[in-house]
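Comments concern the structure below.
Please treat every number below as a calculation from the coordinates, not as lab data. All values derive from a computational prediction rather than experimental measurement. Here Cβ is always computed from backbone atoms with ideal geometry, including for glycine, and neighbour counts include all displayed protein chains.
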Amino acid sequence: MGDHQNRVSSLSWNAYILSSGSRSGQIFHHDVRVADHHVATLQGHTQVRASPVVVVVWPRDVLEVCGLKWSTDGRLLASGANDNQVIIWEKTATSPLHTFTAHQSAIKALAWSPWQSNILATGGGMADRTIRLWNCSTGLCLKDITTTSQVSSILWSTHYKEIISGHGFSNNHLTIWKYPSMAKVVDLTGHTGRVLELCLSPDGQVVASAAADETIRMWKCWAMDKKDKKQTDASKNHPISALARARTIR
């Protein structure tokens, strides 16, 4: 797959479609079932950004698509870039459904809710340091919370109504937040460099964090007791937040 003419910086799967974002600001859709795989090009992160007051021309090397994520139901794609914009794309469209411009820094951290497929969490970089929750059906921002550090990654819990964020300068920590209030549950410290990526275990209980300090740490954030698991399996719903529960984090 050599269609991009610039560095490929982000990837996201949606069934047999692999979407790739590059430094040029372009997003390509690839149908991996066929040899002629390049089936669509999305161009929303452009060099020119205008308002009634000012027109900003971005250098081409700051358009990089640094975050790319398909929604859990496969209907919507979210892209975040160094132009400080988040763009929402419908599955079969090549024009943006929504463009969010509230962040003041690059957006790498993107995560869709596992139980509300139209809800997106986004996190801004060093000059922004905010987490925002979006209703991508209406295009409205539901909540924003200012953090103390750049937001480099976000994950939703699949068991509890909570979100975990990974941070860089200046604290290099992880934070668990209660959803939808975004009340802080706990800060997880230990990394000495920027948290680059978060990954949730298949059972939804353990978060792995990779950081610029050349370490991977395992955090047992969302352990479920047998009673919780039995209730969740039976109801197919998520238990209440673990905010008030004793938790084991190591």
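Worth pointing out:
- Straight-line cross-link reach from LYS220 at under 17 Å between alpha-carbon atoms covers these aspartates and glutamates, not counting any fewer than eight positions away in the same chain: GLU162, ASP187, GLU197, ASP203, ASP228.
- With each label modelled as a point 7 angstrom along the Cα→C-beta vector, the THR192-GLN104 pair spans 3.2 nm.
- Under Karplus coefficients 6.51, -1.76 and 1.60, residue-wise ³J(HN,Hα) of segment 118-124 in Hz, glycine/proline x: 9, 9, 10, 9, 10, x, x
- Per-pair calculated FRET efficiency, R0 = 45 Å: SER181 and LYS91 via Cβ, rounded to 0.05: 0.90
- Segment THR158..ASP36, full-extension length gain: 40.3 nm, with 0.36 nm per residue of separation and the alpha-carbon distance subtracted.
- In a fully extended conformation the segment linking TYR16 and SER170 would gain 51.5 nm over its present Cα-Cα distance, using 0.36 nm per residue.
- Residue list for segment 97-123, given a label point 7 angstrom along the Cα-to-Cβ vector of THR146 and an amide N cut-off under 18 Å: 102-106, 123
- Amide H within-cut-off set for SER153, under 5 Å, with H built and near neighbours excluded: GLY166
- Considering every alpha-carbon pair of segment 8-146, the percent of pairs per 5 Å bin, from zero through the bin containing the longest distance, is 2, 10, 21, 24, 21, 13, 6, 2, 1, 0.
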